[in-house]
Structures are given as structure tokens and as C-alpha cells.
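Laboratory data are not the source of any read-out in this text; all were calculated from the coordinates shown. Worth saying up front: this structure is predicted, and the values here are computed from it rather than measured. Ideal geometry is used to build each Cβ from the backbone, glycine not excepted, and the neighbour counts take in all protein chains shown.
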Amino acid sequence: MNRIIIVFLLFSLSLSAQDVTSLEETKAFIIKNISENCYEEDGFKEPYKAVFEGDYLRLIILNKNQTRERSNLLYDFENVYLFQKVSKRKNDIAYINIFVPILKNKEKNKWDKHKLIMRVDGHDMADSILNALKRYNELLIKKKKKPGQKF
């Protein structure tokens, strides 16, 4: 009986180590692919630049020359309200729609519900980015749980 418990504990620890690696790999994928393939919803002129601040994702909208920051928002992907399916359009254009909290007031730590809309170059790329963001959400929720907590 004691041997079974030890094996189970070792297996549980190895899964946690995989999740940490997976979290970092997921962050790297999100940064790379949002920065290379996602644009502000109104056109392909103003690209996004993705940066993580701890577990929060900051999306920066750059001007069309990518020389200045036009605006930015900090997103909390641990508390996503809704992931909508990718909206695929003609000419291999797609839109990702996610209802996610944004930081409205840093001093008061006030978060508001926001609809994030990203225009993506490529249907397959949009699916990949959405899946990565969903996976990131799952990993953050799993990270928040205490050891032994099931739900």
C-alpha cells in the first residue's frame, strides 16, 4: 500500500512540473503569434504587440509603422467570461472574440468586463491562437488551485 502512494505522489509531482513548462511554452507561443499575426479589429494597419506582466497579458496597439504605441490594455486571462469561436471571413481573414477582464483602475485594482476583438491573418492561425489562449486560461486556473483541491 505504501508503495502505491509513493508512486502516485511522484506521478503528481511530475505533472506539476510539466504544467510549469507548458505555461512558459504557452506564453512564448502567445507572444510570438499575437505579435506577428494579430491586428486591431478595424484593419491590418495597427498590429498588436503582446507582453506578459506576471500572469497578466498586456496587448499594445502600435501605429501602422510600428514606431509608437497607440494604446494598451492589461488582460486577466485567469477570469475569462467567454471564449467565442473564431469568426472566419473570406480572403483568409478571421476574428477572435473573447470576453475578458481588463484593468480599469490600477490604484483601486478595479477590473471591468471587456470584449477583446483581434483581427487575424489566417484561419488556421486564428484557431491556434484561440486554442493557446484557452490553454493559458486552463493553466492559470490549475495553478491557482491548492494541492489536493479537485474543483
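Cβ crowding within 10 Å, taken as a proxy for footprinting-reagent exposure, orders Ser35, Ser71 from fewest neighbours to most as Ser71, Ser35. Each of Arg68, Arg119, Arg89, Arg135 has some number of other Cβ atoms within 10 Å of its Cβ, and from fewest to most they run Arg68, Arg89, Arg135, Arg119. Here each label is just a point 7 Å from Cα along the line to Cβ, and for Val51 and Ser87 those points are 2.9 nm apart. Between Ser128 and Arg68, the modelled labels are 3.3 nm apart [label points 7 Å from Cα along Cα→Cβ].
Cross-link partners of Lys27 among lysines, defined as those whose alpha carbon lies under 18 angstrom from its own and excluding same-chain residues fewer than eight positions apart: Lys49, Lys134, Lys142, Lys143, Lys144. A Förster radius of 25 Å combined with the Cβ-Cβ distance from Asn79 to Glu24 puts the calculated FRET efficiency at roughly 0.75.
Taking each residue as 0.36 nm, the span from Glu138 to Lys106 lengthens on full extension beyond its C-alpha to C-alpha distance by 9.0 nm.
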